[in-house]
Amino acid sequence: MKTVRPRRSVLYMPGANTRALEKAQTLPADALIFDLEDAVAPDAKETARANVVAAARSKAYGKREIVIRCNGLATPWGKADVAAIATSGADAILVPKVESAADVAAVVALLDAAGAPASMAVWAMVETPRAILRAEEIAGAHPRLALFVMGTNDLVKDMRARHTPMRLPMIAALGIGMLAARAHGLTILDGVYNDIQDTAGFRAVCQQGLEMGFDGKTLIHPSQVEPCNEVFAPSPAELEMAGKIVAAFKTAEAEGKGVVTVDGRMIENLHVEQAERALSLAAAIKELQAA
């Protein structure tokens, strides 16, 4: 069974705040994004870069996935960020405002020139109307590209839309990003939820993201980690059914039967694939939590 890397909760941490970076060592997020972009003032950019590189190199975060978000390549800090991230030991670089395959290629060229290992992935922020309209092109841009992050705040701003409980203004954009990611085998993460105090609204949006097919969600506060993990993990009932499906299918195969039913449901290969993925994800979550 193919191992699935849990990315239920992916928490942004401000790169200029060394206390926050230290606190992140104890947070139960599946992945951490050390941010050099939005969360860092211009006069703190270079200090933040040194902070996050040191944090990534420290290997003090267990099995959590470590990602560093650089500044855009057009900014005074972007290229130096990429060069520093390349040899930081981080698992991936998150690139803001990606709008074309050429943008991905430019980052990959800088990573290669700076000596980034082949294992370092590129994550792309999909956060503008142009990015949505070119999502399929971007998704197939390069083998290093592994993941889309939907930048819903910037999308809403550029669309002149509104943040609403059901996110109807964003549904088309989220769906296009999802289809492009899946067409090219990428992971995709939902955008952030701004109202930290609104726990019910946050949980509802997590559930919506799960139902749409997102692998997890980007977060802005540690209090959002636990409910996000809960929503995006397979439930006990789902795991029980998944185990039944896999066992029944194996038994049917051994007996040479072409038709399988579980609890009155007809089971096909696609159901077995879904069941195996749920079991693999649960096993990976258990391993991550034990670290």
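Computed from the coordinates by the stated procedures, all read-outs in this text should not be read as laboratory data. Computed from a predicted model, the values in this text were never measured in an experiment. A quick note on method: Cβ atoms are made from the backbone with ideal geometry, for glycine too, and the neighbour counts reach across all protein chains shown.
Values as computed for the structure displayed
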quantity	calculated
Rounded D (µm²/s) - the range 9-232, Kirkwood Rh over Cα pairs, Stokes-Einstein at 37 °C, 0.692 mPa s	189
Per-peptide average of other Cβ atoms within 10 Å, ordering 6-18, 92-104 highest first	6-18, 92-104
10 Å-binned pair-distance histogram of the range 202-291 (Cα, whole percent)	15, 39, 28, 14, 4, 0
Expected 222 nm ellipticity per residue - DSSP helices of 4 or more, -39500 (n - 2.57), all of the chain, to 500	-14500 deg cm²/dmol
Modelled FRET efficiency - R0 41 Å, LYS244 with LEU179, Cβ distances, 0.05 increments	0.85
Pair GLU230, LYS59: separation of 7 Å Cα→Cβ label points (nm)	3.5
5 angstrom amide H check on MET125, placed H, neighbours 5+ away	VAL95, LYS97, VAL98, VAL149
Inter-label distance, nm, simple model (7 Å from Cα along the C-beta direction), GLN274/THR261	1.9
Sequence ranges 20-31, 239-250, 212-223, ranked by mean other-Cβ count within 10 angstrom, highest first	212-223, 20-31, 239-250
Efficiency of FRET from Cβ geometry, LYS286 and GLN197, R₀ 45 Å, rounded to 0.05	0.90
Highest to lowest packing among 150-159, 192-201, scored as the average C-beta count within 10 Å	150-159, 192-201
Rounded to 5, percent antiparallel among DSSP beta bridges of the chain	10
Integer Hz, Karplus 6.51/-1.76/1.60 couplings in order for the range 135-149, x for Gly and Pro	4, 5, 4, 5, 4, x, 5, 6, x, 5, 6, 10, 7, 9, 10
FRET efficiency for ARG162 and GLU137, using Cβ-Cβ distance with R0 set to 22 Å, rounded to 0.05	0.20
Estimated distance in nm for a label pair at ALA109 and SER223, the labels positioned 7 Å out from Cα along Cα-to-Cβ	4.6
Karplus-derived HN-Hα couplings along the range 35-52 (A = 6.51, B = -1.76, C = 1.60, θ = phi - 60°), whole Hz, x at Gly and Pro	9, 9, 9, 4, 7, 10, 5, x, 6, 10, 4, 6, 5, 4, 4, 5, 4, 6
